[in-house]
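Below: one structure, written as structure tokens.
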Amino acid sequence: MKAEGKVFRYGDNVDTDVIIPARYLNTSDSRELASHCMEDIDPDFVKSVGKGDIIVAGRNFGCGSSREHAPIAIKESGVSCVIASTFARIFFRNSINIGLPILECPEASEEIKAGDKVSVDFTTGIIKDETTGKEYRAEPFPPFMQDLIAAGGLAPYIKENF
Amino acid sequence: MPMTMTEKILAHAAGLEEVHPGQLIMADLDMVLGNDVTSPVAIKELPKFGRKGVFNRDKIALVPDHFTPNKDIKAAAQCACVRAFAKENEITNYFEVGKVGIEHALLPEAGLVTAGDVVIGADSHTCTYGALGAFSTGVGSTDMAAGMAIGKAWFKVPSSIRFNLSGKLRKHVSGKDLILTIIGMIGVDGALYRSMEFTGEGVHTLTMDDRFTIANMAIEAGGKNGIFPVDDLTLEYLKEHGAKEPKIFTSDPDAVYERTIDIDLSEIVPTVSYPHLPENTHPAKEGKDIRIDQTVIGSCTNGRLSDLEAAAAVLKGRKVADGVRCIVIPATQRIWKEAMHEGLFDIFIDAGCVVSTPTCGPCLGGYMGILSEGERCVSTTNRNFVGRMGHPKSEVYLASPETAAASAVTGYITDPEEVGYEG
């Protein structure tokens, strides 16, 4: 599985309140959620994000509320992958459970710039900045999580295995 | 192998002799919780698990507390979805408006969590029940759906940080000041993926309400759970609230901790987290230059009876400053009733506060106290992120009930000591 797209860059501690503000949580419609994605820190995100684009951020991405609406909004907005130095734990498990690819890679998180074109190979964990030509390798997931991702998320995994 | 209490609880729930940090396990769940924001997503996901109905109708709690009483038509639709699901599946612990309270105050009060339980909740502050010696943690809606379907959840066993508490909190200093100080020390990702275990002789000097507040905010340091040892006070609380027989797990003396942080409780001072991260802590007494427009006293962090009593002690015989709105929100119906009988509402209303029905409302910028552009609020809630309580250019300052009440009286951030009262 591969992804390629242009990069939207954010800093440390991007919380789920800015990914999808709670004032929009009176719905669980994924399209409506996506139409407000990142709006409090980047009002232009929704207008300029394209299918396959990639978010690169710093430490503790997705901290705060447990709202699964956050990875849902990101996924529905067309983003193919989030690369960060670290992820907050609930966002991490929500992303895996719903099948939003995420990669932890401090070096890539530090160096990749906004607007760069980046490709990601999820099987090898190789992240390539096509703009600069530099390659990075993300930490592979443990086997259990790889099985979960391969099954297509938690629901199909549990249906098959329990 | 020596284990921490968190490791022992998880090993027990996974049917294993022992577990070690980093190990991935499937654990049996004693309670699965959801609210009106997260449950509809889980209810929509549930059929994909290929099961009929739910694993155990007694071990699910549905608590529509975020946008209730219904904020608007969309929120009403979400609550209707939860209500219909609860009825169809005969969920024992569904709480309608009139019985509902803020989930993390309500579940312990209703005796639905006991020591040694494993609890997941589709709400990040589910870590609150660690105060009772349970392993409890926040998850998303898909995990909640899995929990409702098969009664299990996957966990990576966390490594642990030990907070070794000594001494006793001083007058006008509360558990809120302690947990804000800790988050200021270690940062909002200082306990990322880890268990925060509070130990030491100082633990026994903390009230149950203080312990709930402290465990509640473990997530604000990135923690997977916050946990307290079970002592006489815990057992008394569990008995009083009709909880199931406790399963007491104790950390081994030689259990492995990634880090130990020693804290003398007598050194903690009234503390405020400035925007826009809970780690941005300052002593309350340094906040004189910060004028405020609103205070909120309530939430799953600080909406319990002792929190209201502490705020009332400050507000008694005083007035909320001109230009300040003070919103008081008892966390549950029982707390509401007790506060009313104790005469706290007279104190609040005479001071110029408004008292709301139980709701999460303003904490997450839902409703019942939204901030306009440029407005500032001192709040006893748990997060001060950009736009958390309203406009992206509004500001939230996190504090204890006493500090929030003192600030309401003066109109700026105020150390309760400054107001000079007997509390």
| All positions within segment B:364-423 that are under 16 Å from B:Cys353 (Cβ atoms) and part of a strand (DSSP E or B) | B:Cys377, B:Val378, B:Ser379
| query | Quick one: would you say B:Gly98 is within 17 Å of B:Pro330 (Cα to Cα) and open to solvent by 10 Å² or more (accessible area, probe 1.4 Å)? | reply | yes
| query | For segment B:387-409, how many residues meet the condition of being closer than 17 Å to B:Ile347 by Cβ and either of a type in the set (S, T, N, Q) or modelled with pLDDT under 95 (or both)? | reply | 1
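In segment B:373-387, is there at least one residue being among the hydroxyl-bearing types (Ser, Thr, Tyr), surrounded by fewer than 24 Cβ atoms within 10 Å (Cβ to Cβ) and under 23 Å from B:Pro278 (Cα atoms)?
Keep residues of segment B:373-387 that are among the hydroxyl-bearing types (Ser, Thr, Tyr), which gives B:379-381.
Checking the rest, the ones that are also surrounded by fewer than 24 Cβ atoms within 10 Å (Cβ to Cβ) come to none.
Within segment B:373-387, not a single residue is among the hydroxyl-bearing types (Ser, Thr, Tyr), surrounded by fewer than 24 Cβ atoms within 10 Å (Cβ to Cβ) and under 23 Å from B:Pro278 (Cα atoms).
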| Here are some conditions: (1) of a type in the set (Gly, Ala, Ser); (2) modelled with pLDDT of 95 or more; (3) surrounded by fewer than 20 Cβ atoms within 10 Å (Cβ to Cβ). B:Ala13 meets all but one. Which one does it not meet? | (3)
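Check whether at least one residue in segment B:123-133 is of a type in the set (Gly, Ala, Ser), buried (at least 24 other Cβ atoms within 10 Å of the Cβ) and on the phi > 0 side of the Ramachandran plot, and report yes or no.
Yes, segment B:123-133 contains at least one residue that is of a type in the set (Gly, Ala, Ser), buried (at least 24 other Cβ atoms within 10 Å of the Cβ) and on the phi > 0 side of the Ramachandran plot.
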| query | Which members of segment B:347-374 meet the condition of being out of contact with any Lys or Arg (no Cβ under 9 Å at 6 or more places or on another chain) and more than 14 Å from chain A (Cβ to nearest Cβ)? | reply | B:Phe348, B:Ile349, B:Val355, B:Ser356, B:Thr357, B:Pro358
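Suppose we keep only residues that are of a type outside the set (D, E, K, R) and part of a helix (DSSP H, G or I) within segment B:222-234. Which one would you say is nearest to the other protein chains (Cβ to nearest Cβ)? Write out each step before concluding.
Taking segment B:222-234 as the starting set, the residues that turn out to be of a type outside the set (D, E, K, R) are B:222-223, B:225-230, B:233-234.
Then keep just the ones that are part of a helix (DSSP H, G or I); that gives B:233-234.
Details: B:Leu233: 29, B:Thr234: 26 Å.
That would be B:Thr234.
Quick one: would you say A:Ser109 is under 16 Å from the mean Cα position of the chain (by Cα), away from every other protein chain (no Cβ under 14 Å) and either buried (at least 16 other Cβ atoms within 10 Å of the Cβ) or not acidic (Asp, Glu) (or both)?
Numbers: under 16 Å from the mean Cα position of the chain (by Cα): yes; away from every other protein chain (no Cβ under 14 Å): no; either buried (at least 16 other Cβ atoms within 10 Å of the Cβ) or not acidic (Asp, Glu) (or both): yes.
Criteria not met by A:Ser109.
Considering only segment B:222-248, how many residues are touching a strand residue (DSSP E or B) at 6+ places or on another chain (Cβ under 7 Å) and either open to solvent by less than 10 Å² (accessible area, probe 1.4 Å) or of a type outside the set (Lys, Arg) (or both)? Even if it seems obvious, please write down each step before you answer.
Applying the first criterion (touching a strand residue (DSSP E or B) at 6+ places or on another chain (Cβ under 7 Å)) to segment B:222-248 yields B:222-229.
Then keep just the ones that are either open to solvent by less than 10 Å² (accessible area, probe 1.4 Å) or of a type outside the set (Lys, Arg) (or both); that gives B:222-223, B:225-229.
Residues flagged as touching a strand residue (DSSP E or B) at 6+ places or on another chain (Cβ under 7 Å) and either open to solvent by less than 10 Å² (accessible area, probe 1.4 Å) or of a type outside the set (Lys, Arg) (or both) within segment B:222-248 amount to 7.
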| request: Return the total of residues in segment A:119-149 being part of a helix (DSSP H, G or I) and open to solvent by 90 Å² or more (accessible area, probe 1.4 Å). | output: 2
| query | If we only count helices (runs of 4 or more DSSP H) wholly inside segment A:1-102, which ones have 1 or more residues that are within 12 Å of the chain's Cα centre (by Cα) and within 14 Å of chain B (Cβ to nearest Cβ)? | reply | A:16-19, A:69-76, A:89-98
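Let's see how each residue does on (1) basic (Lys, Arg); (2) open to solvent by 20 Å² or more (accessible area, probe 1.4 Å); (3) closer than 16 Å to B:Ser141 by Cα:
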| position | (1), (2), (3) |
| --- | --- |
| B:Pro47 | no, yes, yes |
| B:Val63 | no, no, yes |
| B:Lys71 | yes, yes, no |
| B:Ala77 | no, yes, no |
| said: Within segment B:273-331, considering only strands (runs of 3 or more DSSP E) that don't extend past its boundaries, which have at least 3 residues that are more than 14 Å from chain A (Cβ to nearest Cβ) and not hydroxyl-bearing (Ser, Thr, Tyr)? | reply: B:294-297, B:325-328
| request: Give the number of residues within segment B:125-150 that are in contact with a Cys (Cβ under 7 Å, 6 or more places away or on another chain) and more than 8 Å from chain A (Cβ to nearest Cβ). | output: 4
| Across segment B:5-32, which residue is nearest to A:Phe141 (Cα to Cα) among those that are touching an Asp or Glu at 6+ places or on another chain (Cβ under 6 Å) and touching a residue at least 24 places away in the same chain (Cβ under 8 Å)? | B:Val19
| Restricting attention to segment B:191-221, and to residues there that are open to solvent by 20 Å² or more (accessible area, probe 1.4 Å) and over 14 Å from the mean Cα position of the chain (by Cα), which single residue is nearest to the other protein chains (Cβ to nearest Cβ)? | B:Tyr193
| query | Going by the structure shown, is B:Arg162 under 24 Å from B:Pro401 (Cα atoms), modelled with pLDDT of 95 or more and surrounded by fewer than 24 Cβ atoms within 10 Å (Cβ to Cβ)? | reply | no
| Subset tally (residues that are buried (at least 24 other Cβ atoms within 10 Å of the Cβ) and not small (Gly, Ala, Ser)) for segment B:354-370 | 6
| Checking A:Gly62 against (1) open to solvent by less than 20 Å² (accessible area, probe 1.4 Å); (2) on the phi < 0 side of the Ramachandran plot, which single condition isn't satisfied? | (2)
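The values are calculated or read from the model by the stated rules, or taken from the named source; none is laboratory data. Bear in mind the structure is a predicted one, so any value in this text is a computation, not a measurement. As a convention, Cβ positions derive from the backbone with ideal geometry for all residues, glycine included, and neighbour counts pool all protein chains shown. The accessibility values were calculated without ligands, DNA or RNA, using every heavy atom of the protein model including side chains. Shrake-Rupley method; radii C 1.70, N 1.55, O 1.52, S 1.80 Å.
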